[in-house]
Every structure is written in C-alpha cells, then in structure tokens.
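What follows is calculated from the coordinates using simple rules that are stated; it is not laboratory data. Please read these numbers as outputs of a predicted model, since none were measured by experiment. So basically every Cβ, Gly included, is an ideal-geometry build from the backbone, and we count neighbours across all protein chains shown.
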C-alpha cells in the first residue's frame, strides 16, 4: 500500500514538473514573439502611418518573392501596402497600391501549392508584379474593414493598361 502511494506521489510530481516546464517555455516564447513584433512596429518602413496593425501572415506566392510566414505588422500608405515580419532579420514586403488587382476574404488559401485553412477569414491581396501575379494571405483583427481600405478604386489604372 505504501509503495502505491509513493508511486502516486512520484507521478504527481512528474506531472507537476512537466506542466511547470511547458508553462515556462510558453511564457518565454510569447514574450519573445511580442518583443519581435514591437521591434517590427518600430521599423522605418511602417513607422509613420495611421493604418497599422499586428497581423499573422499565412504566406506569399509570386515570382521572386521570399518564402515568408508568421507574425508581423501590416501598414497602409497612400501609395503602398507594407508588411514587416517579426522574424530576425525583419523582412519587408511592399505592394504598390496601384498594382493591387483584387482584395477579398477567404477561409481557404492556396500558397505555394499547399492549402491553408482557418476558422477566421484570411485577407487575400492579389497584385500584378512585373513578371506575373502575386498573392499574400493575412489574418487581420478586422478583415472586412481592411478589405474596404485596400480595395482597388474603380477607374484606377492597372499596370499594363494602355
């Protein structure tokens, strides 16, 4: 009987140690990611703007674009949309607003041949590069508002229009 109690106490201690270690790792990871995002918010590419938000990038697909995903900052300017990643070093993706062809919301996103699904809607931006069409998928706090801000204006000349 005493051996069974000793085993129970040992198991409880082992579970307690595992929970404590995993909690500590989670807290350190969250603090590290938050610090990286705060540093991305101070990046010169997104520092001076009114519309800026912390976002989660699903991925980018297009010619000569980096393989990139994860947390970062999305900022809107009059002439461009800029994403700065929270990774080290910070990577900057700039999309000229005049080149944006479509902005929509989707729950399934195909990036580099793989489908990504999400309960929340992805904000999908497609734009014309000099070589072809590119796509970026982002989870933003208020996707409908961001979609309205980024929609191409009717009558805006698109690249390649005569």
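Give the residues of segment 47-67 that are under 15 Å from residue 134 (Cβ atoms) and either buried (at least 17 other Cβ atoms within 10 Å of the Cβ) or in contact (Cβ under 8 Å) with a residue 60 or more places away in the chain (or both), sorted by residue number.
Keep residues of segment 47-67 that are under 15 Å from residue 134 (Cβ atoms), which gives 57-67.
Passing the criteria: 57, 58, 59, 60, 61, 62, 63, 64, 65.
Determine whether residue 34 is more than 12 Å from the chain's Cα centre (by Cα), without any contact (Cβ under 8 Å) to a residue 24 or more places away in the chain and either loosely packed, with under 10 Cβ neighbours inside 10 Å or at positive phi (or both). The answer is no for residue 34.
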